[in-house]
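Notes follow once the structure below has been shown.
The values are calculated or read from the model by the stated rules, or taken from the named source; none is laboratory data. Quick caveat: nothing in here was measured; it's all calculated off a predicted structure. When we count neighbours, we look across all protein chains shown, and the Cβ atoms used for this are built from the backbone with ideal geometry, even at glycine. Side chains are part of the model used for accessible areas, which takes the heavy atoms of the whole protein and leaves out ligands, DNA and RNA. Shrake-Rupley method; radii C 1.70, N 1.55, O 1.52, S 1.80 Å.
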Amino acid sequence: MRIVSLLPSATEIVFALGLDDDLLGVTDECDWPVAARDKRVVVRSRQPTGMTPGEIDDWVRAEAPNGGLYRLDDAAIAAISPELLLTQDLCRVCAVPTGDVDAALARIGCPATVITLEPQRLDEVIASVGDVADAAGEPDRGRRLVAELERRLDDVRDAVRGRPKVQTLVLEWLDPPFTAGHWVPDVIAAAGGNPLLGDPGGRSRASSWDEVLRTVPEVVVLAPCGTPSIDALAHADELVPAELLRRRVVAVDLARPGPRLVDCVEALAAVLHPGAGLPVRPEIVLAP
């Protein structure tokens, strides 16, 4: 089956299912696993390079309702002639809106099956793995991977059960500060934390440093969407109040709703509960 993925998390799901030979088109943001970078790019971000977090926030607010943030390559999609196209309608900042995808397929006369992934909670992220497998005609692969991911989550929950919840603040953007929404509070809860200001299944929202500081977290997780963890740590001194940086601070990528969120649960649980016997994963959760 000829598959095109219009968002990084869907690309990661396809690779995790072992269907990467069928994946013929991706976005310019699909950078994991490394082999994804060798796939043909059919969508590119319109975001200019070299902007600060504050400038990015301003640009997104201006451009999201004004023509979108991404550019589809109609010719590349037509050349691939995908049978299955994976996209989302959850966040206009993260991928091409479904309406734009439908319009592009109509323009080029491509009758691809479009699967829209919109997980709001962690369990829905896991279920979406099965949805992709089903759509690709490989339901057995999906069932096996879903079962493995659920088993790993259960292992973490067993390891931290009965331990005090660690007061944990996740920031999904730093200028201005954004609180955590969608699946992120579930990730923190599964790792044995209490997600301060988190809205499980809801949207991330703009906050203020006054509101953030009133939470008095034990652990601060920097997870700015679309920003490498190493960059989030490198610029924390410039953007985050010193009072907050005196807490335990780590950085991790929680923006992509795919199988690697389970890695994040395991790694964060080891940070929040070092006595639980879980392996430390410094390649996933970075510390200063």
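In square angstrom, what is the accessible area per residue of the chain with a 1.4 angstrom probe? On a per-residue basis, 45 Å². Between residue 61 and residue 144, what's the calculated FRET efficiency when r is the beta-carbon distance and R0 is 45 Å? Round to 0.05. Step by step, r from the Cβ atoms, then E = 0.60. Summarising the amide proton neighbourhood of residue 248: residues at separation of 5 or more, or on other chains, whose placed amide H is nearer than 5 Å comprise 220. For region 188-201, backbone phi angles converted through the Karplus equation (6.51, -1.76, 1.60; θ = phi - 60°) give residue-by-residue couplings of 5, 5, 5, 7, x, x, 9, x, 5, 6, x, 10, x, x Hz, Gly and Pro being listed as x.
Rounded to the nearest 20, the size of the Cβ-charge dipole of the chain about its Cα centre is 460 debye, with Lys and Arg at +1 and Asp and Glu at -1. For the chain, the share of DSSP beta bridges that are antiparallel, to the nearest 5, is 20%. The Cα atoms of region 1-55 give a gyration tensor whose axes a ≥ b ≥ c have a/c of 1.5 or more with a/b greater than b/c, which makes the shape prolate. State the antiparallel share, in %, of DSSP beta bridges confined to region 101-201, rounding to the nearest 5. Of all bridge pairs located within region 101-201, approximately 25 percent are antiparallel.
Comparing 129, 170, 114 in a Gaussian network model of the chain, where Cα atoms under 10 Å apart are tied by springs, the biggest mean-square fluctuation is seen for 114. Per-residue ellipticity at 222 nm, computed for the chain from helices alone with -39500 (n - 2.57) per DSSP H run of at least four residues, works out to -11500 deg cm²/dmol. The length gained by stretching the chain between residue 215 and residue 113 to full extension, at 0.36 nm per residue less their Cα-Cα distance, is 32.2 nm. Between helix 98-108 and the chain there is an angle of about 20 degrees, using the helix long axis and the longest principal axis of the Cα atoms. Taking square-rooted eigenvalues a ≥ b ≥ c of the alpha carbon gyration tensor, is region 198-263 rounded, prolate or oblate, where a/c under 1.5 means rounded and, failing that, a/b exceeding b/c means prolate? Oblate. Using +1 at the Cβ of each Lys and Arg and -1 at the Cβ of each Asp and Glu in region 123-181, identify which of 139, 164, 180 lies farthest towards the dipole's positive end. It is 164.
State whether region 230-274 is rounded, prolate or oblate according to the following rule on the C-alpha gyration tensor (a ≥ b ≥ c being the square roots of its eigenvalues): a/c under 1.5 gives rounded; otherwise a/b larger than b/c gives prolate, and the remaining case gives oblate. Judged from the Cα gyration tensor, region 230-274 comes out oblate (a/c at least 1.5, b/c at or above a/b).
Hey, if you put +1 on the Cβ of every Lys and Arg and -1 on every Asp and Glu Cβ in the chain, which of 252, 189, 82 ends up farthest toward the positive end of that dipole? The Cα lying farthest towards the positive end belongs to 189. Computed in the context of the full set of protein chains, the accessible area of the chain at 1.4 Å probe radius has 49% of its extent on carbon or sulfur. Shown is the FRET efficiency for residue 2 and residue 280, computed with R0 = 41 Å from the Cβ-Cβ distance and rounded to the nearest 0.05: 0.50.
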